[in-house]
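In what follows, a structure is listed as structure tokens, so that the remarks can point back to it.
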Amino acid sequence: MVSLEELERLKREVKELENKRLKQFIALQLEGRCRLIAVKLGKPREDKVGIVREFKDGDLYIRYYHYHNVIDVKYRDNIVLSVTNGSLELYRPGKWLGKVIQLSKHLIEEELDREYLYYLGRKKNWELVEG
């Protein structure tokens with residue numbers, strides 16, 4: 001039989017691990033990275049109430065369900081990340097992180113360039129006209 005002390009110790013360990021994983025998830029901006037990969041590189045598929053974007057590359061599979069704002073990541077048939085409406089449900093770091101970071105790095109640079117050009121164009125709408 002499990003003692004109350006063992007149960008309390010296990011609860012603390014789980015809470016500490018959850019906090020550690022949440023901090024890493026936020027620091028690495030994993031929700032945005034995975035969504036960006038799914039949207040930009042994934043294939044759209046119609047579902048009953050919306051579009052699902054699915055990206056598959058070898059052992060890595062990312063699914064983004066826009067209607068319910070759900071992101072699921074599988075690596076080698078293991079669920080390694082699950083986010084629902086911005087709430088982290090499951091996060092298991094591993095080798096898949098390197099692949100996600102590498103794939104998203106180029107996409108993020110493209111997004112920054114695109115946004116910069118957008119605002120550069122908008123700036124002209126508000127500049128002083130000489131003469």
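The values are calculated or read from the model by the stated rules, or taken from the named source; none is laboratory data. Computed from a predicted structure; not experimentally measured. Don't worry about glycine lacking a Cβ; one is built from the backbone with ideal geometry, like all the others, and counts go over all protein chains shown.
Which of the numbered conditions does Lys48 fail, given that it passes all the others? Conditions: (1) touching a residue at least 60 places away in the same chain (Cβ under 8 Å); (2) more than 13 Å from Leu103 (Cα to Cα). Every listed condition holds for Lys48 apart from (1).
Residue by residue, here is whether (1) of a type outside the set (Asp, Glu); (2) over 20 Å from Lys95 (Cβ atoms); (3) more than 13 Å from the chain's Cα centre (by Cα) holds:
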site: Leu41; (1), (2), (3): yes, no, yes
site: Pro44; (1), (2), (3): yes, yes, yes
site: Tyr61; (1), (2), (3): yes, no, no
site: Lys74; (1), (2), (3): yes, no, no
site: Asp77; (1), (2), (3): no, no, yes
site: Thr84; (1), (2), (3): yes, yes, no
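Residues in region 81-95 that are loosely packed, with under 11 Cβ neighbours inside 10 Å and of a type in the set (Asp, Glu): none. Being β-branched (Val, Ile, Thr), modelled with pLDDT under 95 and surrounded by 13 or more Cβ atoms within 10 Å (Cβ to Cβ) is the requirement here; does Ile71 meet it? For Ile71, the condition - β-branched (Val, Ile, Thr), modelled with pLDDT under 95 and surrounded by 13 or more Cβ atoms within 10 Å (Cβ to Cβ) - is not met. Only a single item in (1) over 13 Å from the mean Cα position of the chain (by Cα); (2) modelled with pLDDT of 90 or more is not met by Glu111, and it is number (2).
The rows are residues; the columns are (1) within 19 Å of Leu22 (Cα to Cα); (2) out of contact with any helix residue (DSSP H, G or I) (no Cβ under 6 Å at 6 or more places or on another chain); (3) among the small types (Gly, Ala, Ser).
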{"site": "Ile71", "(1), (2), (3)": "yes, no, no"}
{"site": "Lys74", "(1), (2), (3)": "yes, yes, no"}
{"site": "Ile79", "(1), (2), (3)": "yes, yes, no"}
{"site": "Ser87", "(1), (2), (3)": "yes, yes, yes"}
{"site": "Tyr91", "(1), (2), (3)": "yes, no, no"}
{"site": "Trp96", "(1), (2), (3)": "yes, yes, no"}
{"site": "Asp113", "(1), (2), (3)": "no, yes, no"}
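Would you mind stating whether Leu128 is of a type outside the set (Ser, Thr, Tyr) and either in contact with a Gly (Cβ under 8 Å, 6 or more places away or on another chain) or assigned to a loop (DSSP other than H, G, I, E, B) (or both)? Taking the combined requirement at face value, the residue satisfies it.
Please go through region 32-52 and pick out each residue that is crowded, with 18+ Cβ neighbours inside 10 Å and over 20 Å from Gly86 (Cβ atoms). None; the set is empty.
Among the strands (runs of 3 or more DSSP E) confined to region 1-87, the ones with at least 2 residues that are among the acidic types (Asp, Glu) are located at 51-57.
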